[in-house]
Each structure stands twice: as structure tokens, then as C-alpha cells.
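The values are calculated or read from the model by the stated rules, or taken from the named source; none is laboratory data. The shown structure was predicted, so the numbers you read here are calculated from the model rather than taken from an experiment. Neighbour counts run over all protein chains shown; Cβ positions are idealised from the backbone, glycine included. With ligands, DNA and RNA removed, areas are computed over all heavy atoms of the protein, side chains included. Shrake-Rupley method; radii C 1.70, N 1.55, O 1.52, S 1.80 Å.
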Amino acid sequence: QVQLVESGGGLVQAGGSLRLSCAASRSTFAGKVIGWYRQAPGKQRDLVASITSIGTTNYVDSVKGRFTISRDNAKNTVYLQMNSLKPEDTAVYYCNVRFDLRAWGQGTQVTVSS
């Protein structure tokens, strides 16, 4: 069974930074677009950033200039560097294969205090 493992979340003050990691098997990530999603309490899960197999990135407007998605294909890992965090970034963050969703992992909680 495919397993997506997110890590790196935590509690941070507004303006702080966190780096999230997402690990999976090579067969899960190879050649695929990978996305980072987030779900705040009482809200739907939304895509915030994605990266193609060759490194082309895309972001929602609310995180542009603050978040950076990257991938290390040799390590089968995708990262999300989050800077200048805001309280509205508070959510559980998940990764998944864009356009070919797998079973969701447990996610990693990010809490930004004001």
C-alpha cells in the first residue's frame, strides 16, 4: 500500500518559518506532479503548491512569495519551505500525487500564533 509520510510541522509565531517534508516510495513520486495541500478546521482541503517532475512549480496566490516547493527525486521527497507564516496558514498539511490521488497520509499540523 502506498504510504505518504508528512513531517516537519509545529507551533511557530507569526513571521516564522517551517520546512515540511513528504516522503513516499520511488514508484509513487517518479514522473508525477506532487502537491502540498492544507485543511484548516471546518474547511475543505485545498491545494497550495505543486511541482512537476522537472521542477516547474505553481502556487495559490495566498502563499506566493512566502512558500517554496521543491523535490529531491533521489530521496523520493518533496519539501515545502514556508516563510513569513501567518495565523491563517494554520492547518494540517498533506502531500499527494496531483491528478492521481492516493490514500491520504496523516498530515502534519502547522499552527501559527499571532
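Is region 9-19 home to any residue that is surrounded by 13 or more Cβ atoms within 10 Å (Cβ to Cβ) and either over 23 Å from VAL112 (Cβ atoms) or without any contact (Cβ under 8 Å) to a residue 12 or more places away in the chain (or both)? No, region 9-19 has no match at all. The single residue among SER70, SER84 that is hydroxyl-bearing (Ser, Thr, Tyr) and not in a strand (DSSP E or B) turns out to be SER84. Residues that are assigned to a strand (DSSP E or B) and in contact with a helix residue (DSSP H, G or I) (Cβ under 7 Å, 6 or more places away or on another chain) within region 98-112 comprise VAL110, VAL112, listed in sequence order.
Counting only residues that are basic (Lys, Arg) and closer than 14 Å to ARG102 by Cβ, region 29-44 holds 1 of them.
Check LYS32, LYS43, LYS64 and return the single one that is at pLDDT below 95 and either among the basic types (Lys, Arg) or farther than 22 Å from SER7 by Cβ (or both). Just one listed residue meets the conditions, LYS32.
Pairs linking a residue in region 75-90 that is at positive phi and touching a residue at least 12 places away in the same chain (Cβ under 8 Å) to a residue that is open to solvent by 50 Å² or more (accessible area, probe 1.4 Å) and in a loop (DSSP other than H, G, I, E, B), with Cβ atoms under 9 Å and 6 or more positions apart or on different chains, are ASN76/SER25; ASN76/ALA30; SER84/ALA14; SER84/GLY15; SER84/SER17; SER84/GLY65.
The single residue among SER70, SER25, SER84 that is within 14 Å of the chain's Cα centre (by Cα) and either loosely packed, with under 14 Cβ neighbours inside 10 Å or among the hydroxyl-bearing types (Ser, Thr, Tyr) (or both) turns out to be SER70. Among the residues of region 45-61, are any open to solvent by 70 Å² or more (accessible area, probe 1.4 Å), of a type outside the set (A, V, I, L, M) and within 12 Å of VAL110 (Cβ to Cβ)? No, that holds for no residue.
Could you tell me whether GLY31 is out of contact with any Leu (no Cβ under 8 Å at 6 or more places or on another chain), within 16 Å of ARG19 (Cα to Cα), assigned to a loop (DSSP other than H, G, I, E, B) and free of Cβ contacts under 8 Å to residues at least 60 places away in the same chain? No. Of the residues screened, GLY55 is one that is part of a loop (DSSP other than H, G, I, E, B) and not acidic (Asp, Glu).
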